[in-house]
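Each remark here refers to the structure printed beneath this line.
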Amino acid sequence: MALTKHQELNEWVDKMAQLCQPDKIVLIDGSEAQKQQLTEEACSTGELIKLDQEKLPGCLLHRTAANDVARVENLTYICTRLKDDAGPNNNWMSPEEGYRRAGEIFEGSMKGRTMYVIPFCMGPVSSPFSKIGVELTDSIYVVLNMLIMTRVGKDVLEALGTGGEYSKCLHGKEELNANKRLILHFPEDNTIWSVGSGYGGNVLLGKKCLALRIASFLARKEMWLAEHMLILGIEDPTGRIDYIAAAFPSACGKTNLAMLVPPEGLKKKGYRIWTVGDDIAWMRIDTDGKLWGINPEKGFFGVAPGTNSKTNPNCMTTIKKNTIYTNVVLNPDGTVWWEGCDDEPVAEGALDWLGQPWKPGMKDKDGKEILGAQANSRFTAPIEQCPTHSYRLEHHHGVNISAIVFGGRRAHLAPLIYQSFDWSHGVYVGATMASERTAAQYGKQGEVRRDPMAMLPFCGYNMADYFEHWLRMGVRMRWQPKIFHVNWFRQDENGEYLWPGYGENLRVLEWILARCRNEVEGVKTAIGFIPYLKDIDMTGLDVSKDKMKKLFEIDPQAWKKEAEDIVEFFQKFGNRMPLELWAQHEALNRRLDELGGTKLKG
Ligand code: GTP
Ligand code: SPV
Ligand code: MN
């Protein structure tokens, strides 16, 4: 019997099966029974470990290979016909070379294994926002993660019909050998080939590969935006909800902000937070001329270390059941542990993320503390388990976005918050973002790198064209969201964070909303508007005036230096770089000369 009613899809699956030579092909139907059966199978082979089913019902643990713990930007390629279309922001290979090189690795790689066929939808099934993909994989871990992260199964095939369009996604674990690892995107063919990895963003192909790299390419053609952004709603006591979309680089606070709990001091104001998404936003201009966004995912693939009941209580509730943990510590009682969770580590009998006996305080031969959980260890959990999940998650055109917030991890330079002067300047602020590298990707941790709109690793085409696209989107909107920049990570001279962050960030969001509603004035500085101190509600929070001054300090010398770094970055794009952004750059330099640094005002 044919696999599906979609003839061309069946033929593609056959062709890929001929290449990979699996023993069996199994269609994933989204049913609970099939999920249970696959879970049992993976537990019997050790691919997954069942956790204590009373304390953590439906929860599983997975350990990746030791060399396979994060996205691999150096092995990630955009395979367009023309190298320039991939741009200096991407690694490039010609499509021929890509198919040939990966094809050699895929060849016969599924012998003795099963190939699972996962029809999935990014966004509510049948929404005009949504895109369908089909992922072929030989990993049950991938199947079970995709069941949490995306909409999978029969109704997706139904929506696809006999000839609908879909992204062709092929994944194979092969030997999990870093020398045989490639993450390839063929945007002109709507195709993704990923081989040799079993880790998150490399293999859950609906996520970064489709929903950002391929989708950003499609979004430019179709005039919408596919962004590395959380979306959250803030409801005030009158029932008005304003939605904010925010782009921070990997492991820089999207999940935390998306699930924010109002701090004690602001509780009596009666805000309610609604979580729409924590990683990806797809946004379109609707007939009302406003920007509307959906979260194309339906689960979280979030960072474990540092997650606890103080920093993110909603998240802790979310991950108590039906959650897959990756690369955390296994306690002897079948529960899990990670650095910065609620509990003390157990003294005896725990296994670290590699499955080795581990005790707190253990040191390696250089005297460095051995982490129990991998620094980029994660949890996969359904969004509907989040106490604050938005009731509009299934709404086919999402929520109206009032503000766009960019932000990075900057120990120095960037103030707590500033607002761009207008849309074009806001695009410049996004395009000139920079952040310190985190454990979410291989590379030197802590090094500041330019990461425009938090999309450097995820833009599926030449970023100069992407900036142009952002500028054009602004022109097409009748009501443009206001654009802001935040930095929760500024430090004092002792390396201590100046701002307490997490729930307290609501105080900054309040100012953002007040600005969107034209309720407060801003102080004009060289880089944008900053708040009058009186307009940030500090009830119940003790941050000294001196610290506040440091948080808002704008050092013209340091900014001049930053401006030079920006020139170097922009120049990489040659004459493809929009002139508008060069004009914005000159304007910044001029303002730095004229206005100098900050004068903090009451
Ligand atoms: P990806 O899933 O990789 O895209 O990351 P993300 O942006 O969702 O990052 P996440 O919210 O998981 O935060 C990553 C790290 O930043 C965690 O260790 C958090 O504890 C820390 N963090 C988040 N918000 C704040 C904050 O406001 N202040 C400080 N100091 N740390 C924060
Ligand atoms: C990120 O690195 O930005 C993530 C995790 O959200 S991954 O899915 O691995 O890309
Ligand atoms: Mn991310």
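Would you mind finding the one in I244, I280 that is under 24 Å from F467 (Cβ atoms), β-branched (V, I, T) and within 16 Å of ligand 3 (Cβ to nearest atom)? Give the derivation first.
Details: I244 fails: within 16 Å of ligand 3 (Cβ to nearest atom).
Being under 24 Å from F467 (Cβ atoms), β-branched (V, I, T) and within 16 Å of ligand 3 (Cβ to nearest atom) holds for just one of I244, I280, which is I280.
Residue check: is I319 more than 15 Å from ligand 2 (Cβ to nearest atom), open to solvent by less than 30 Å² (accessible area, probe 1.4 Å) and within 25 Å of V69 (Cα to Cα)?
Yes: the conditions hold for I319.
Restricting the range 538-552 to residues that are among the charged types (D, E, K, R) and part of a helix (DSSP H, G or I), which is most open to solvent (accessible area, probe 1.4 Å)?
So the residue we want is K545.
Okay, residues lined up against (1) assigned to a loop (DSSP other than H, G, I, E, B); (2) exposed (fewer than 14 other Cβ atoms within 10 Å of the Cβ):
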| residue | (1), (2) |
| --- | --- |
| G302 | no, no |
| A347 | yes, yes |
| G367 | yes, yes |
| G372 | yes, no |
| N376 | yes, no |
| F379 | no, no |
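With the condition kept exactly as written, say whether any residue in the range 513-524 is touching a helix residue (DSSP H, G or I) at 6+ places or on another chain (Cβ under 6 Å), modelled with pLDDT of 95 or more and open to solvent by less than 10 Å² (accessible area, probe 1.4 Å).
Within the range 513-524 (the criterion being touching a helix residue (DSSP H, G or I) at 6+ places or on another chain (Cβ under 6 Å), modelled with pLDDT of 95 or more and open to solvent by less than 10 Å² (accessible area, probe 1.4 Å)), the answer is no, since none of the residues qualifies.
In this structure, is P262 under 20 Å from K207 (Cβ atoms) and either more than 12 Å from ligand 1 (Cβ to nearest atom) or in contact with an Asp or Glu (Cβ under 7 Å, 6 or more places away or on another chain) (or both)?
For P262, the condition - under 20 Å from K207 (Cβ atoms) and either more than 12 Å from ligand 1 (Cβ to nearest atom) or in contact with an Asp or Glu (Cβ under 7 Å, 6 or more places away or on another chain) (or both) - is not met.
What number of residues within the range 199-211 are open to solvent by 10 Å² or more (accessible area, probe 1.4 Å) and more than 10 Å from ligand 2 (Cβ to nearest atom)?
Number satisfying all stated conditions: 0.
Give the residue, chosen from D23, D68, D29, D84, that is in contact (Cβ under 8 Å) with a residue 12 or more places away in the chain and closer than 30 Å to F467 by Cβ.
The conditions single out D84.
What number of residues in the range 44-86 are acidic (D, E) and touching a Ser or Thr at 6+ places or on another chain (Cβ under 9 Å)?
3
Do we find a residue being more than 24 Å from T432 (Cα to Cα), part of a helix (DSSP H, G or I) and either touching a helix residue (DSSP H, G or I) at 6+ places or on another chain (Cβ under 6 Å) or not aromatic (F, W, Y) (or both) anywhere in the range 479-494? Full working, then the answer.
First, pick out the residues of the range 479-494 that are more than 24 Å from T432 (Cα to Cα): 493-494.
Cutting the leftovers down to part of a helix (DSSP H, G or I) gives us none.
The answer is no; no qualifying residue exists.
Just to be sure I understand, how many residues within the range 32-52 are assigned to a loop (DSSP other than H, G, I, E, B) and in contact (Cβ under 8 Å) with a residue 40 or more places away in the chain?
Count: 4.
Being closer than 23 Å to F300 by Cα, away from ligand 1 (no atom under 16 Å from the Cβ) and not basic (K, R) narrows it down to one residue among I401, I370; which is it? I'd like the intermediate steps shown before the answer.
On the way: I370 fails: closer than 23 Å to F300 by Cα.
Step by step, each of I401, I370 is checked, and only I401 is closer than 23 Å to F300 by Cα, away from ligand 1 (no atom under 16 Å from the Cβ) and not basic (K, R).
Listed residues K268, K298; which is more than 15 Å from ligand 2 (Cβ to nearest atom) and open to solvent by 30 Å² or more (accessible area, probe 1.4 Å)?
K268
Identify, from the list I244, I234, the residue that is farther than 21 Å from R409 by Cα and either surrounded by fewer than 23 Cβ atoms within 10 Å (Cβ to Cβ) or in contact with a Ser or Thr (Cβ under 7 Å, 6 or more places away or on another chain) (or both). If you could, list the steps in order and put the result at the bottom.
On the way: I244 fails: farther than 21 Å from R409 by Cα.
None of the others qualify; the one that does is I234.
Please return the ranges of strands (runs of 3 or more DSSP E) entirely within the range 53-145 where 1 or more residues are acidic (D, E) and at negative phi.
131-137
Criterion first (surrounded by fewer than 17 Cβ atoms within 10 Å (Cβ to Cβ), touching a residue at least 12 places away in the same chain (Cβ under 8 Å) and closer than 30 Å to D465 by Cβ) does D555 satisfy it?
For D555, the condition - surrounded by fewer than 17 Cβ atoms within 10 Å (Cβ to Cβ), touching a residue at least 12 places away in the same chain (Cβ under 8 Å) and closer than 30 Å to D465 by Cβ - is not met.
The values are calculated or read from the model by the stated rules, or taken from the named source; none is laboratory data. Computed from a predicted model, the values in this text were never measured in an experiment. Methodologically, a virtual Cβ is constructed for each residue, glycine included, from the backbone with ideal geometry; neighbour enumeration extends over all protein chains shown. The protein model used for the area step is the full one, side chains on, heavy atoms only, and it has no ligands, DNA or RNA in it. Shrake-Rupley method; radii C 1.70, N 1.55, O 1.52, S 1.80 Å.
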